[in-house]
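Worksheet: the structure to be examined is printed underneath.
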Amino acid sequence: MALPKQGLLLLTPGPLTTSASVKEAMLRDWGSRDEDFLRLTRTVRRTLIKLCGGEGSHVAVLLQGSGTFALEAMLGTMVAPSGKVLVAVNGAYGARMVTICRRIGRAVTAYETPEDTPADPGKIEQRLAADRAITHVAIVHCETTSGILNPVAEVAAAVAAQGRRLLIDSMSSFGALPLDAGQLAFEATASSANKCLQGVPGLAFVLCRESALRQSAGNAPSLSLDLYDQWQAMENNGQWRFTPPTHVVAALSRALEELAGEGGIDGRRRRYQRNCEVLIRGMTALGFRPILPARLQAPIIVTFAMPVQCGFDFEAFYRGLKVRGYVIYPGKLTRMNTFRIGCIGDVDETDIAGALEAIRETLEEMRMDLTVAPRAELPATKHTA
Ligand SMILES: *Cc1c(COP(=O)(O)O)cnc(C)c1O
């Protein structure tokens, strides 16, 4: 039983396995107002804009904190207090944007589809036509709850056709799935360092259409989550308003170099796609069942139905994998018992093959064979009076 190369491999939606060189990039200290760090900040901002094809139209605003901080900053800054947001919801992250809007006092309405059903651009267009008060549509690109892909390009077209503005949560897709401002009109998109960009947690960012951000002064109900103020500070003297996560920025800078070295977004998507295919093929052979059909499955994270064989103990399964060096993720679907395995991070198909071997060993240890049909439920005893 050989442990994977890094000791513990995180097959989760993030934070996830990072490369040794990304970790090494954090081995020095940076003065937050020093030119070296300001240069790092500038480079990271410029690279993020290039990645979304937003040169000349969009600007990058970096923000301390986890991804949710960026979502809250995006909704609070880009949507005026008089605005109204239509949120497409098919999982926990869409629902979270609704919660944020309520908390910060933005009018909000939800368009819900089941967790295994992508948002329908036609339905969104109807909702917009019927409610002129809606100023913005917010949608999750890859809904990490299930791993489903939402049709953001088609939704962008529907939103543009109705003359409204689109906000995208691209947290679990940015860096691996294309999101090109030249081809898909979006007002802002929020993501973080620790998912497909393969940096470490502690830094999030919002890529905003500059003309819209310029008009957003005074919108934000929060001081620290005000993207306009944060942007102004970064433009004026290149500095962050409040203590920046210096080491995290350095790690992201290194991670972005590695992304370029891998062939950019296309190269990364291809590796994740292979990981995803090897994972699904191997898991299916072991008797597990992914809950999404292939055409809806993003190559980010796969949700598997919890086996129905009696006696399958997820805690024991999780522990068996962890002692073998692999950390997986519990499920998050509301209506189904599931667990998830991530395809992202500094992992390749050899790592996935290692994880599959660990899964096979663990099942053997648990004396579970999932390839044989579960025993039919014993018929309920009939009590006759
Ligand atoms: C990870 C993630 C977030 C942000 O979660 P944090 O825990 O705040 O980093 C938001 N949306 C999606 C789709 C995500 O995958």
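Among the listed residues 335, 319, 295, identify the single one that is open to solvent by 70 Å² or more (accessible area, probe 1.4 Å), part of a loop (DSSP other than H, G, I, E, B) and among the charged types (D, E, K, R). Testing whether each residue is open to solvent by 70 Å² or more (accessible area, probe 1.4 Å), part of a loop (DSSP other than H, G, I, E, B) and among the charged types (D, E, K, R) leaves just 335. The residues listed here are 145, 189; of these, the one that is within 12 Å of the ligand (Cβ to nearest atom) and touching a Gly at 6+ places or on another chain (Cβ under 7 Å) is 145. When residues in the range 220-242 are screened for being among the polar types (S, T, N, Q) and either within 25 Å of the chain's Cα centre (by Cα) or surrounded by 20 or more Cβ atoms within 10 Å (Cβ to Cβ) (or both), 3 of them pass. Every listed requirement among (1) open to solvent by less than 40 Å² (accessible area, probe 1.4 Å); (2) closer than 28 Å to residue 222 by Cα is met by residue 17 save one, (2).
Here 285, 355, 380 are screened, and the one residue that is modelled with pLDDT under 95 and of a type in the set (Gly, Ala, Ser) is 380. Only residues that are among the acidic types (Asp, Glu) and touching a helix residue (DSSP H, G or I) at 6+ places or on another chain (Cβ under 8 Å) were counted in the range 187-210, giving 1.
Applying the criterion of being small (Gly, Ala, Ser) and free of Cβ contacts under 8 Å to residues at least 40 places away in the same chain to the residues of the range 92-112, the residue that is nearest to residue 222 (Cα to Cα) is 107. Total residues in the range 28-74 satisfying the condition of being in contact with a Leu (Cβ under 7 Å, 6 or more places away or on another chain), assigned to a helix (DSSP H, G or I), of a type in the set (A, V, I, L, M) and within 16 Å of the ligand (Cβ to nearest atom): the figure is 3. Count, please, the residues in the range 218-249 that happen to be under 18 Å from residue 167 (Cβ atoms) and either part of a loop (DSSP other than H, G, I, E, B) or of a type in the set (S, T, N, Q) (or both). Total satisfying the criteria: 7.
The set of residues from the range 148-161 being within 11 Å of the ligand (Cβ to nearest atom) and either modelled with pLDDT under 95 or over 14 Å from residue 89 (Cα atoms) (or both) is empty. Across the range 108-130, a minimum of one residue is classified as away from the ligand (no atom under 16 Å from the Cβ) and open to solvent by less than 10 Å² (accessible area, probe 1.4 Å).
Let's see how each residue does on (1) touching a strand residue (DSSP E or B) at 6+ places or on another chain (Cβ under 6 Å); (2) small (Gly, Ala, Ser); (3) over 21 Å from residue 93 (Cβ atoms); (4) within 16 Å of the ligand (Cβ to nearest atom):
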position	(1), (2), (3), (4)
208	yes, no, no, no
216	no, yes, yes, no
219	no, no, yes, no
237	no, no, yes, no
260	no, yes, yes, no
264	no, yes, yes, no
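Taking first residues from the range 118-143 that are among the basic types (Lys, Arg) and partners that are more than 16 Å from the ligand (Cβ to nearest atom) and open to solvent by 30 Å² or more (accessible area, probe 1.4 Å), the Cβ contacts under 8 Å between residues at least 6 apart in sequence or on separate chains come to 127/109. For residue 196, the conditions (1) more than 16 Å from the ligand (Cβ to nearest atom); (2) over 25 Å from residue 33 (Cα atoms) are fulfilled apart from (1).
For the range 164-175, the candidate set comprises residues that are in a loop (DSSP other than H, G, I, E, B), within 12 Å of the ligand (Cβ to nearest atom) and open to solvent by less than 10 Å² (accessible area, probe 1.4 Å); within that set, the residue that is nearest to residue 55 (Cα to Cα) is 170.
The values are calculated or read from the model by the stated rules, or taken from the named source; none is laboratory data. Note that the structure is a prediction, hence the values are computed from the model and not measured. Because the Cβ atoms are built from the backbone with ideal geometry, glycine has one as well, and the counts that use them run over all protein chains shown. Accessible surface areas use protein heavy atoms only, side chains included; no ligands, DNA or RNA. Shrake-Rupley method; radii C 1.70, N 1.55, O 1.52, S 1.80 Å.
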